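Asker: The structure is given below, and queries will be raised subsequently.
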Amino acid sequence: MGSILNDFNAAVARHPERVAIVDGAGISTTFTELQNRAEGLARTWHRKGIRKGDRVLLAMGIGTDLYASLAALWSLGATVVLPEPAMGLKGLRHAARVTKPAAFCSAGAYGLLKFALPELWPMKHLRPHKSSGAAPGLPPPSETDIALISFTSGTTGMPKAIPRSHAFLSAQHRAIAPLLHSDKPERDLVTFPVFVLINIASGQTSVLPNWKMSRLGKLAPTQLEHWITSQNVTRALLPPSLCEKLAQTQIPATLHTVFTGGGPVFPDMLAALNTAKPSLKAVCVYGSTEAEPIAHLPAHDITADDHALMTSGKGLLVGTPVDVVNARVQQGEIQVAGAHVNSGYLDPAHDAENKIVEGKTIWHRTGDAGYFDAHNRLWLLGRVGSEVDTAIGPAFPFSIEVAARQWQGVAQCALVAVNSTATLAVAGDTAQRATWTNNAAKLGITSVKSVSHIPMDRRHASKVDRAALLKLL
């Protein structure tokens, strides 16, 4: 089965002078330079006592040093702990308490945390200082060794720690690689860190954002457009919130494909991209932290009948399951299994509510409500348990929201229950409120509230933060 580390070394051998990463400052690093950087760090950190099985908590910005550090630590047999970035210091401290690392690896100002947070005081401190020389020459990690511990988003409670073996990362590479395959070199604008790993293992170039992903709301569409143009980006991997900004630009001629996921991909957003550039290929990718990817949907495969179903309350189409995943719907919930699907959490207590063991197969409960259509395509309705009672019966959020986003003047919307009353919150042109109220009544919604904005998740600004919305209402 190998490992992503082996795939990276193979990519270096195939394309030694090809650019692996372009960082947010526009500085390019070739595959050979990235490998040399990783080997030098491995030698330095081995001298500092990092050994096989050590857990190392990593705090760095998304840049070349992050991926060189990952390769270096994996070559030493260490396990990298990545805190949930959207939670800031709270997420870092939570990761330290849950995983009990032996070392803290930081770059830039993150190093000051070593002295500020008591949880980090006992740990060795690693810094990615300039270094050179061959790696220690240790045997490669085994497939069953834990390469990475990452965390769920924490939208439904404290983030859960997810251990990922080298075999798991390799399986994830094989699951995602067909979606990203290209017969020619590409320059991919990548806003999802895991996809940078896939590109490094596949020998493709990753252009990193030149903005803070935690401040997507402040990113001007013109900055996004300029970055794509100046870096000759050919493909982009973006959350829906950034696709909405992209649709407001003069989409550069070099950009021919967009992959989008990390939140619901609504048909009105895809239509806006098509209007901005009809030749642009858009691919929707559905997955979760524990299982990425699950299904995919090229936008040009969405038919007029599909649009009609979505706008009439049938939910959100997310496409055909990828070849390497087993997917089923049990009691209305989408469940998945496969080599690239997380089989358990660091704390086994979390497995009881999220995993179903059937013989040698472990099914992951996604928590998403949905169903298969006659063409074996998945449709999403919302989170399990998110139904609200309307005047014409229970309704899931996507049954209403997908339709409402088509109404005149609607920029954002979300369905929640306020004091047991089904309420549609709408941000947009309030001059259209009478139209919204009339349309909502036809769907059984008797309460429509105008809001200045719909609160979104901290990770990708692409999912409704329903708890924050209820406070706002």
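The values are calculated or read from the model by the stated rules, or taken from the named source; none is laboratory data. From a predicted model like this one, the values you see are computed outputs, not experimental measurements. Note that we place each Cβ from the backbone using ideal geometry, even for glycine, and neighbour counts take in every protein chain shown.
Asker: Pairs, please: C-beta under 6 Å, at least 6 apart or cross-chain, first residue outside the structural domain of Gly49 (by TED's automatic domain parsing) and in the stretch 133-153, second outside any strand (DSSP E or B)?
Answerer: Here the result reads none, with nothing in the stretch 133-153 linked to a residue that is outside any strand (DSSP E or B).
Asker: Shifting gears a bit: Which count do you get for residues in the stretch 328-381 that are touching a His at 6+ places or on another chain (Cβ under 9 Å), part of a strand (DSSP E or B) and of a type outside the set (Gly, Ala, Ser)?
Answerer: Residues meeting the conditions: 5.
Asker: Exactly one of these conditions fails for Ala403: (1) on the phi < 0 side of the Ramachandran plot; (2) surrounded by 18 or more Cβ atoms within 10 Å (Cβ to Cβ); (3) outside the structural domain of Val464 (by TED's automatic domain parsing). Give me its number.
Answerer: Unmet condition: (3).
Asker: Same structure again: How many residues are outside any strand (DSSP E or B) and within 27 Å of the chain's Cα centre (by Cα) when one looks only at the stretch 383-407?
Answerer: Number of matching residues: 15.
Asker: List the strands (runs of 3 or more DSSP E) that sit entirely inside the stretch 1-106 and contain at least 3 residues that are in contact (Cβ under 8 Å) with a residue 60 or more places away in the chain and closer than 21 Å to Phe168 by Cβ.
Answerer: Hits in the stretch 1-106: 55-59, 79-81.
Asker: May I ask you to say which residue of Lys124, Lys114, Lys184 is more than 23 Å from Phe259 (Cα to Cα) and without any contact (Cβ under 8 Å) to a residue 40 or more places away in the chain?
Answerer: On the way: Lys124 fails: without any contact (Cβ under 8 Å) to a residue 40 or more places away in the chain; Lys184 fails: more than 23 Å from Phe259 (Cα to Cα).
Every option except Lys114 fails the conditions.
Asker: Further question on the same structure: Any idea which of Asp347, Asp306, Asp323 is in contact with a strand residue (DSSP E or B) (Cβ under 7 Å, 6 or more places away or on another chain) and over 23 Å from Lys463 (Cβ atoms)?
Answerer: Every option except Asp347 fails the conditions.
Asker: Scan the stretch 101-131 for residues that are surrounded by 19 or more Cβ atoms within 10 Å (Cβ to Cβ) and among the aromatic types (Phe, Trp, Tyr) and jot them down.
Answerer: Phe104
Asker: Please tell me if Pro122 is closer than 16 Å to Arg55 by Cβ and either in contact with a helix residue (DSSP H, G or I) (Cβ under 9 Å, 6 or more places away or on another chain) or in a loop (DSSP other than H, G, I, E, B) (or both).
Answerer: In short, yes.
Asker: Follow-up. Pairs only if they're at least six apart or on different chains, beta carbon under 6 angstrom, first in the stretch 381-392 and farther than 17 Å from Ser447 by Cβ, second in a loop (DSSP other than H, G, I, E, B) and among the aromatic types (Phe, Trp, Tyr); list them, first residue then second.
Answerer: Filtered contacts from the stretch 381-392: Leu381/Phe396; Gly382/Phe396.
Asker: Yes or no: Thr191 touching a strand residue (DSSP E or B) at 6+ places or on another chain (Cβ under 7 Å), surrounded by fewer than 17 Cβ atoms within 10 Å (Cβ to Cβ) and polar (S, T, N, Q)?
Answerer: Considered against the rule, which asks whether it is touching a strand residue (DSSP E or B) at 6+ places or on another chain (Cβ under 7 Å), surrounded by fewer than 17 Cβ atoms within 10 Å (Cβ to Cβ) and polar (S, T, N, Q), Thr191 comes out as no.
Asker: Follow-up. Search the stretch 132-149 for residues being out of contact with any His (no Cβ under 7 Å at 6 or more places or on another chain) and modelled with pLDDT of 95 or more, and hand back the single one that is surrounded by the fewest Cβ atoms within 10 Å (Cβ to Cβ).
Answerer: Of everything passing the filter in the stretch 132-149, Ile146 is surrounded by the fewest Cβ atoms within 10 Å (Cβ to Cβ).
Asker: State all residues of the stretch 203-220 that are among the small types (Gly, Ala, Ser), surrounded by fewer than 21 Cβ atoms within 10 Å (Cβ to Cβ) and not in a loop (DSSP other than H, G, I, E, B); if no residue qualifies, say none.
Answerer: Ser214, Gly217
Asker: Is it the case that the stretch 318-332 has a residue that's charged (D, E, K, R), modelled with pLDDT of 95 or more and buried (at least 18 other Cβ atoms within 10 Å of the Cβ)?
Answerer: No - not one qualifying residue is present in the stretch 318-332.
Asker: With Arg215, Arg187, Arg235 as the choices, which residue is at pLDDT below 95 and either under 30 Å from Gly382 (Cβ atoms) or not assigned by TED's automatic domain parsing to the domain that holds Ala68 (or both)?
Answerer: Arg215
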